[in-house]
1. Which one of the conditions (1) of a type in the set (A, V, I, L, M); (2) surrounded by 23 or more Cβ atoms within 10 Å (Cβ to Cβ); (3) closer than 30 Å to ALA254 by Cβ does VAL164 fail to meet, given that it meets all the rest?
2. When you check SER149 against the structure, is it touching a Leu at 6+ places or on another chain (Cβ under 9 Å), surrounded by fewer than 18 Cβ atoms within 10 Å (Cβ to Cβ) and touching a residue at least 40 places away in the same chain (Cβ under 8 Å), yes or no?
3. So, in region 311-354, exactly how many residues are touching a helix residue (DSSP H, G or I) at 6+ places or on another chain (Cβ under 6 Å) and among the charged types (D, E, K, R)?
4. Kindly indicate which of GLY251, GLY257, GLY197 is within 20 Å of GLY296 (Cα to Cα) and buried (at least 24 other Cβ atoms within 10 Å of the Cβ).
5. Quick check, is SER170 polar (S, T, N, Q), touching a residue at least 24 places away in the same chain (Cβ under 8 Å) and not in a strand (DSSP E or B)?
6. Taking the criterion of being under 23 Å from ILE132 (Cβ atoms), touching a Leu at 6+ places or on another chain (Cβ under 9 Å) and of a type in the set (Val, Ile, Thr), would at least one residue in region 245-266 satisfy it?
7. Test ASP30 against the stated conditions and say whether it is under 25 Å from the mean Cα position of the chain (by Cα) and among the charged types (D, E, K, R).
8. Could you name every one of the helices (runs of 4 or more DSSP H) located completely within region 251-370 that has at least 1 residues being touching a Gly at 6+ places or on another chain (Cβ under 8 Å) and more than 21 Å from VAL218 (Cβ to Cβ)?
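Readers should treat all values here as calculations from the given coordinates under stated rules, not as data from a laboratory. Quantities reported herein were computed from a predicted structural model and do not represent experimental measurements. Please note: Cβ atoms are built from the backbone with ideal geometry, for glycine as well, and neighbour counts cover all protein chains shown.
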Amino acid sequence: MAEAVATLPPLPDQKAKGWEFTDLSRLDLDAYEPGPAGASIGAVAGATVLPLAEAVESQPGLVEGRLGALAPRHDPFVARNDAAWRDGALVHVPAGVRLEEPIKIELPLDRSGTAVAWRTLVVLEEGAEAEIWEHWSSPGDDVDALLNSVVELHVGQGATLRYVNTQDISEASWVFATQRAQVERDGRLDWTALGFGSTGGKVRMETNLAGPGSEARVTGGYAGRAGQHLDYDTTQEHAAPNTSSDLAFRGVLAAGGTAVWRGMIRVDPGAQQTDAFQESRNLLLSTEAHADAIPGLEIEADDVRCTHAAAVAQIDRDQLFYLTSRGLDPAEAKSLIIEGFLESLVERLADGPLRDEISAALERRLAEIL
């Protein structure tokens with residue numbers, strides 16, 4: 001193991017591209033020992049749902065050629081995950097199967113001093129449909145641990161995947177997540193992400209629209225307070241013609257909280273008729289909060305429509321005055337403005353249990369940071 005660790009790439013510093021706003025100098029990897037995940041993986045009829053290590057042994061045909069195919073091995077955290085992972089989940093949905101119930105994966109980060117290397121592999125064959133909820137949590141904010149996760153989402157031709165990843169780990173812990181999806185011809189991905197916990201780290205969310213007619217909708221939200229630095233790095237890559245993507249992030253930061261969102265729309269040569277949109281909006285609840293929003297475009301085709309928007313602002317004083325002048329106390333008025341700011345995220349989700357869960361999670365987090 002020592003020899004394997006010696007060959008791993010060094011951790012990035014703030015001179016490395018993409019890490020300019022996230023400082024890892026406080027991170028001491030030697031302070032964490034490999035630990036078990038203790039995850040709960042719910043089964044649903046019609047799909048193969050297994051611990052990933054078990055699937056590698058018992059169902060190699062479902063894993064070979066897919067595990068590790070999407071994750072960038074040169075990344076320092078992916079490389080460490082490759083070398084150390086023991087726990088994970090496989091979800092495989094056969095061609096034409098449409099699951100009636102969501103598959104739920106619960107991953108607790110509950111032991112201080114442990115480093116959990118976790119992998120999730122999702123494969124939807126042609127025409128399949130599934131909804132997967134993956135939740136990372138801690139029992140309290142005194143857990144000092146590290147989570148290094150790799151998620152790979154394979155969405156086959158004409159398949160539909162709704163993937164939800166929510167994290168509410170301890171605010172003393174670190175989270176590093178590399179998540180990449182590949183969507184084939186006429187496939188659809190609806191991806192929702194919430195980030196509330198961690199002291200620092202980075203979450204990378206990359207979508208590759210690999211087949212003509214494929215589409216992706218990505219909805220993200222985060223809320224932080226003093227001592228937290230939240231970092232989301234998103235990519236929408238259009239690798240085929242007639243593809244579309246729509247990404248929207250909202251962030252709320254209380255005093256002392258910081259965040260960075262960096263987004264990239266990449267249109268490859270030949271990916272004509274691309275329709276792509278991205279936006280990030282941050283609401284600062286104090287002058288002592290800080291956010292950076294950095295949208296980007298790399299376009300190598302000439303028949304496209306690509307737009308982006310980014311904003312960082314504090315609570316509008318005129319709105320606050322209007323509400324207090326109608327009888328609301330300042331705390332109620334402030335809460336109402338924040339709820340309205342986040343409501344646009346909830347409205348992007350279809351009516352049903354998922355929308356209710358996300359709305360309730362946002363309400364609970366706002367109660368914590370206000």
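1. (2)
2. Judged against the criteria, SER149 is not a match.
3. Qualifying residue count for the region: 0.
4. GLY251
5. yes
6. No, every residue in region 245-266 fails to be under 23 Å from ILE132 (Cβ atoms), touching a Leu at 6+ places or on another chain (Cβ under 9 Å) and of a type in the set (Val, Ile, Thr).
7. No, not satisfied.
8. Answer list for region 251-370: 353-369.
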